[in-house]
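Visitor: Pasting a structure here, questions to come.
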Amino acid sequence: VVDSTGLKIFGEGEWLQKKHKTKAKRKSWRKLHLGLDLTTGDIVCSDLTKDDVGDPTALPELLDQIDAPVSRFLADGAYDGDPTSDLLVDRFGEAIEIVIPPPITAVLSLDAARNPTPRDKHIAEFRDKGRLAWQVSSGYNHRSRGEAQIGRWKMVIGPKLKARNFPNQKTEVRIGTNILDKMNGLGRAKYEAVA
């Protein structure tokens with residue numbers, strides 16, 4: 001599961017704004033990209049980019065950090081498109097299952113009738129069964145664990161970066177990733193169904 005979120009940059013801007021009653025400046029932030037292994041719950045890849053870098057653009061550097069085989073890729077609609085699909089197939093082979101919801105306005109490819117792509121199959125299932133049924137049948141609902149990991153990050157590590165310059169902020173993210181993986185290694189909650 002791959003997802004991203006924004007992290008604020010810690011600074012004196014808010015303090016100066018309160019003290020001197022200055023006008024609010026545009027807040028600066030960075031984009032945190034996390035990749036989660038659904039089996040172990042570990043963060044297998046992470047990266048920090050500037051706010052103008054899109055999710056698909058950051059994906060190659062995230063995938064470079066993964067040295068295990070990947071059989072399934074879950075992400076939100078920001079990753080929809082041929083560049084992402086082509087990159088995943090090149091890295092992990094034709095057998096990879098790509099679960100990315102296409103937008104509601106998506107259209108089938110020209111060759112969908114004879115040779116449908118996985119995306120074409122998703123679009124057809126959207127139209128036939130509806131979005132919620134597609135989410136259940138495709139396993140897209142498991143992506144919520146990636147969102148939970150981001151929530152855990154913001155709760156444990158915090159929603160702000162403390163470092164002032166970009167290289168140090170990237171180091172701060174690597175340290176945060178290691179902390180959350182260590183915590184995960186100490187033990188995860190086990191759930192049992194109770195009648």
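The values are calculated or read from the model by the stated rules, or taken from the named source; none is laboratory data. Quick caveat, the model's predicted, so the values are computed rather than measured. Using ideal geometry, Cβ is built from the backbone for each residue, glycine included, and neighbour counts are taken over all protein chains shown. Each accessible area value is taken on the protein alone, full model and side chains, heavy atoms only, with ligands, DNA and RNA left out. Shrake-Rupley method; radii C 1.70, N 1.55, O 1.52, S 1.80 Å.
Visitor: Is it the case, given these coordinates, that LYS190 is charged (D, E, K, R), loosely packed, with under 11 Cβ neighbours inside 10 Å and not in a helix (DSSP H, G or I)?
Guide: In short, yes.
Visitor: Only one residue in ILE100, ILE175, ILE123, ILE96 is surrounded by 15 or more Cβ atoms within 10 Å (Cβ to Cβ) and either among the small types (Gly, Ala, Ser) or under 28 Å from ARG30 (Cα atoms) (or both). Which one?
Guide: Only one candidate qualifies: ILE100.
Visitor: Let me ask something else about it. In the stretch 72-104, how many residues are within 21 Å of GLN149 (Cβ to Cβ), small (Gly, Ala, Ser) and not in a helix (DSSP H, G or I)?
Guide: 1
Visitor: For the subset of the stretch 104-120 comprising residues that are within 14 Å of ASP80 (Cβ to Cβ) and out of contact with any helix residue (DSSP H, G or I) (no Cβ under 6 Å at 6 or more places or on another chain), which member is least open to solvent (accessible area, probe 1.4 Å)?
Guide: Restricting to residues being within 14 Å of ASP80 (Cβ to Cβ) and out of contact with any helix residue (DSSP H, G or I) (no Cβ under 6 Å at 6 or more places or on another chain), the top hit is ASP120.
Visitor: So, one more: Restricting attention to the stretch 155-166, which residues are open to solvent by 50 Å² or more (accessible area, probe 1.4 Å) and farther than 14 Å from TRP29 by Cα?
Guide: Correct list: MET155, VAL156.
Visitor: Can you list residue pairs whose Cβ atoms sit under 8 Å apart, with the first residue in the stretch 53-75 being within 21 Å of LEU7 (Cβ to Cβ) and of a type in the set (Asp, Glu) and the second being in a helix (DSSP H, G or I) and open to solvent by 40 Å² or more (accessible area, probe 1.4 Å)? Count only pairs 6 or more apart in sequence or on different chains.
Guide: From the stretch 53-75, the pairs are ASP55/ALA78.
Visitor: Can LEU132 be described as of a type in the set (A, V, I, L, M, F, W, C), open to solvent by 40 Å² or more (accessible area, probe 1.4 Å) and either touching a strand residue (DSSP E or B) at 6+ places or on another chain (Cβ under 8 Å) or over 30 Å from LEU161 (Cα atoms) (or both)?
Guide: Yes: the conditions hold for LEU132.
Visitor: Tally up the residues in the stretch 39-66 that are open to solvent by 20 Å² or more (accessible area, probe 1.4 Å) and within 24 Å of ASN184 (Cα to Cα), please.
Guide: Count: 8.
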